[in-house]
Each structure stands twice: as structure tokens, then as C-alpha cells.
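Nothing in this text is a laboratory measurement; each read-out follows from the coordinates by a stated rule. Nothing here was measured: the structure is a model prediction, and the numbers come from that model. Here the Cβ positions follow ideal geometry from the backbone for every residue, glycine too, while neighbour counts run over all protein chains shown.
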Amino acid sequence: MPKKDPRLLRVGVLGCGPIAQAAHFESCTKARNAELYAICDVADDLRERMAATHAPRRSFEDYAKMLADPELEAVIIATSDAFHVPAALLALEAGKHVLCEKPLAVSVEEAERLRSAVAASGLTLQVGHMKRYDAGLQAAKTFIDGPMGQMVALKAWYCDNTHRYAMTDAVQPLMVTSAMARKPVQNPKDDLDRYYMLAHGSHLVDTARYFAGEIVAVDARLLNRAGMRCWFVDVEFANGVLGHLDLTVAVRMDWHEGFQIYGEQGSILGKTYNPWYYKSSEVDIFDEADGSTRRVLGADGHFYRRQLEGFADTILNGTPQTGADLEDGIASVRAMVAIAQSARTRQPVRLAEVSGAL
């Protein structure tokens, strides 16, 4: 891992559940420009075990007390989706920068509540769409913004598979749970259409927007058959690019995620791996100018650590924000709500007309 910089962003992680254990604690301890200053969780047994394992400087049961610590500079919100916006609002009010796990919110109106708070605070809010820190995707984006010329079409897919837990359990740390953990009033998995869209669709939508820009309309179909949920979504982008998205859970094959992009002066074919392998996407870029295909190695595949480093660079050094900002987070929620509404009504939906929750 890179050596630590002299100046480190002092970060507190809210929530000691699976995503914090698998991604954020390690990112804070490995990042070159950040430190795990504090952790916070209402579950005493879980918090104490994580504190013993990861050695933050401070440990809090009460979120308000963590936010009141004058040494704390930023928070990572690693809670259940329903708690994201309330936790972000409290952090901004306390003068702390925010890196919020995706999805930003569970409804359009809830996401938009953050606009005035972010504007008034002058602080950085970034959404945890960590795939933007995949070196393969970044190479594709560089080609799209440069030599490729006009984009014509984009196809992207995100297909979870039946064997993913057997595969990821072999490489992730053993997840520690607690009976005292704070949970939403409604179990998120009671509605699997909603749960899969928020958990997986948020990645697919943000990847499409990262490459092709603003989504203005969707036409979605959903089939629930043989224990699989399959969304096929035709997408209209503001720049006229044709788009098609495939979200399927769970396919009877290996993890299947990637994209194809066709452009004026070249094309791109990408294969993305399960994120817990920390392996950069294999992205083949064909450049019409010289008839060559190239692929970056992307040796550093720790997307979560690289995401935190980008976040910290913005705060500490004033570098332009490279991750998903507030408007990206709002747009992602709006697109997912539109897809859900289109699938229910079997009619195209324009995002400008969307409101409500999934």
C-alpha cells in the first residue's frame, strides 16, 4: 500500500455492519491520505470488536457525540439505506464532509432534501459509486472523452449469480453480526424487486451515466420467473445515444457484469469482476485511428480505498471531485424510480416527471 501522507483526513465510520467490515475500515487504514479516526455503532458488542480489530482513535455509541468531536473532519455513512439521508443531514449540520454509501436515498424527494443542506454547508458530499475508481472503467472514460468521438450506443449488464456468496465468502473477512444492531422498521428484503434495484441497479445506472451522460427516459420490462428477476431497460440519453441495460438476479453462471460501447472512432468491450475480488475490469479499447486494441493492467483494484483517497484529495487539496457527487446520486435514485415505474406500468417514463420511491 502507498505510504501515508503527512496530512491525513480524520474519518469516522458510521455503522459497523458488513459494508464497513468488508470495505470501509480497511480503506481508512490503507488510504495514503486518510485515517480511521473514529467508529460509531449502537451495538456495543459489535463496536467493541471492530475497535479492537481496526484500532480507531475514538469509539462512539452515539452518532451525535461523534459528530460533536472537533477533531473529526468527515464521515462515511455505512448504514442501511433508510438511514443514509438523515445521517448525512446531521453530518452536514455538524460541519463534517460526507461519503455516503450508495444508493444515496430510497426516494426522489428524500435525495433532493440534501441539496439545500449541501449548498448551505459548502462541504463535500460524495456518493459511494466506487466503480468510478475502477482503472479499467477510467481508461474507458478517457477514451470516450477523447479519441473515440461521438458515442453511438451503450449496452451494459449487471448479473448477480447463484454462487456469489460461496465465492465471496472465501475472500471476504468473516462478517461479525450483533443482535443489538439497529435495523430499519421494514426489512429491506421483504420486497426483493426494490432491494435488488437499490443494491445492484444503482451500480448499473451509475456506470451508464458515467459513460454516456444524463438519462432522460427509460422503457423497462421486468420478468420474475424460475427464481430470477430480469429487468431489460431501453434508455434514452440526453445526447441521443442509444442505451440498453440488463439487470438480472441471479444468473446460473459466473458473475456476469460488463459493457459494450460503440463510437465514431472506436469501440470498447468491458468485463467487470465481482467487486470483492478487488480486480480491475478487463477493458479492451479498439482505436480506429491505428487499428489497435489495448488494455490497461489496472494493478491497483482496491476501488474503495481509491474512492476514499479521491474524496480526501478534494477536501484536503481542493482537487476537482472525481467521484459521484450529490447530483449524480440524485440522478441515480431518479433513474431507478423511473425504471420501477416503467416496469409496473409497462410504459416509457421520462425522468423529469418522476417522483416518489421505488
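General observations
- Environment charge of residue 11, counting only residues whose C-beta is closer than 9 Å and scoring Lys/Arg +1, Asp/Glu -1: -1
- Near residue 250, the amide H atoms lying under 5 Å from its own belong to 229; only residues 5 or more places off or on other chains count, and H is placed 1.01 Å from N.
- The stretch 63-212: relative contact order as a whole-number percent, Cα under 8 Å and 6+ apart: 22 percent
- The mean sequence separation of alpha-carbon pairs under 8 Å and at least six residues apart, normalised by the residue count of the stretch 1-102, gives a relative contact order of 29 percent.
- Per residue, the convex hull spanned by the Cα atoms of the chain amounts to 140 cubic angstrom.
- With Cα atoms defining each centre, the stretch 156-206 and the stretch 292-358 are spaced 18 Å apart in the structure.
- When each of 96/141; 30/189; 131/189; 4/279 is checked by Cα-Cα distance, pairs over 27 Å: 96/141; 30/189
- Most positive-pole-ward Cα, 94, 272, 329, against dipole of the chain from beta carbon charges: 272
- A DSSP coil position with no more than 14 other Cβ atoms inside 10 Å describes the following trypsin sites (Lys or Arg not before Pro) in the stretch 220-289: 252.
- Mean sequence separation of contacting Cα pairs (under 8 Å, at least six apart), scaled by the length of the stretch 1-59, corresponds to a relative contact order of 37 percent.
- Basic side chains Lys and Arg get +1 at the Cβ, acidic Asp and Glu get -1 at the Cβ, and with that the dipole of the stretch 147-207 about its Cα centre reaches some 100 debye.
- Less than 5 angstrom separates the built amide H of residue 257 from those of 159, 272, all sequence-distant by 5 or more or on a different chain.
- In loop segments of the stretch 234-277 as defined by DSSP, the GluC sites (Glu not before Pro) with at most 14 further C-beta atoms inside 10 Å of their C-beta are 264.
- Total formal charge among the other residues, if their Cβ is under 9 angstrom from that of residue 255, Lys/Arg +1 and Asp/Glu -1: -2
- Rg followed by Dmax, in Å, when the stretch 197-306 is reduced to its Cα trace: 15.5, 47
- Placing dummy labels 7 Å off each Cα toward the beta-carbon, the span from residue 347 to residue 49 is 5.0 nm.
- Calculated P(r) tail over 16 Å for the stretch 60-171, as whole % of Cα pairs: 71 percent
- Cβ-based charge dipole, the chain, positive-most Cα from 163, 204, 80: 163
- Other residues within the sphere of radius under 15 Å centred on the Cβ of residue 309, judged by their own Cβ, net out at +2 (K and R +1, D and E -1).
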